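Contents: one structure, followed by commentary.
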Amino acid sequence: MTEPSALFRHCPRCGEPRSAGLQANPLVCRACGLVYYLNPTVSVGVILRDAAGRVLLICRGKPPGRGKLALPGGFIDFDETVEQALRREVREEVGLAVRRLRFLCSEVNQYAYCGVTYPVVDLFFVAAVSRSERAVAASAEVAGFRWYAPGEIPLGAVAFPSVRRALERYACDGRLRCRGR
Ligand SMILES: [Zn+2]
């Protein structure tokens, strides 16, 4: 797997070879003066609770982590807020609408895809859903889903360490589990 900065062997503006002066991050080109910052990709994940306090985990339908468990969520699009992305991803992946959205925590993650390892910052939220029975695996990215009581979540089957840490934090914070039912 390759870090994103290693993909840039030449200045993306003037084509100057990197070995001749293109610094790693930011990419600084001595030939044309380009200064280009490589930043973490922003991702959102949400702990969805039903009326009984159970948590929805999806089974990932695509790599990385195909067949493992994860939270609904995904990457933020251009010109989109984190909250908008969260609502869009939940609608696209499991067909549900969220309410009472609360920030939980952020975690550092890495996302290996097509030979590149992207640095990611995951933003985790907690939200309630009504009509949880209407959940459907609505995307090819979702092979299935299940509602788990907080103590029953199989953390060893979760795809990303960042998601595991967020679920552990949620399980330890009784205020978050009890509020907003
Ligand atoms: Zn240049």
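Would you point out the residue of region 14-35, among those that are touching a strand residue (DSSP E or B) at 6+ places or on another chain (Cβ under 7 Å) and of a type in the set (D, E, K, R), that is modelled with the lowest pLDDT? Out of the qualifying residues, it is 18.
Which one is nearest to the ligand (Cβ to nearest atom) among residues in region 17-75 that are crowded, with 21+ Cβ neighbours inside 10 Å and more than 17 Å from residue 122 (Cα to Cα)? Of everything passing the filter in region 17-75, 29 is nearest to the ligand (Cβ to nearest atom). The set of residues in region 107-120 being surrounded by fewer than 15 Cβ atoms within 10 Å (Cβ to Cβ) and part of a strand (DSSP E or B) consists of 108, 112, 113, 116.
Only one entry in 123, 86 is at pLDDT 95 or above, hydrophobic (A, V, I, L, M, F, W, C), farther than 17 Å from residue 69 by Cβ and assigned to a helix (DSSP H, G or I), namely 86. Here residue 156 does not fit the description of being in contact (Cβ under 8 Å) with a residue 12 or more places away in the chain, surrounded by fewer than 13 Cβ atoms within 10 Å (Cβ to Cβ) and of a type in the set (Gly, Ala, Ser).
The values are calculated or read from the model by the stated rules, or taken from the named source; none is laboratory data. What you are looking at is a predicted structure, and each value in this text was computed from that prediction instead of being measured. All Cβ positions, even for glycine, are placed from backbone atoms using ideal geometry, and neighbour counts span all protein chains on display.
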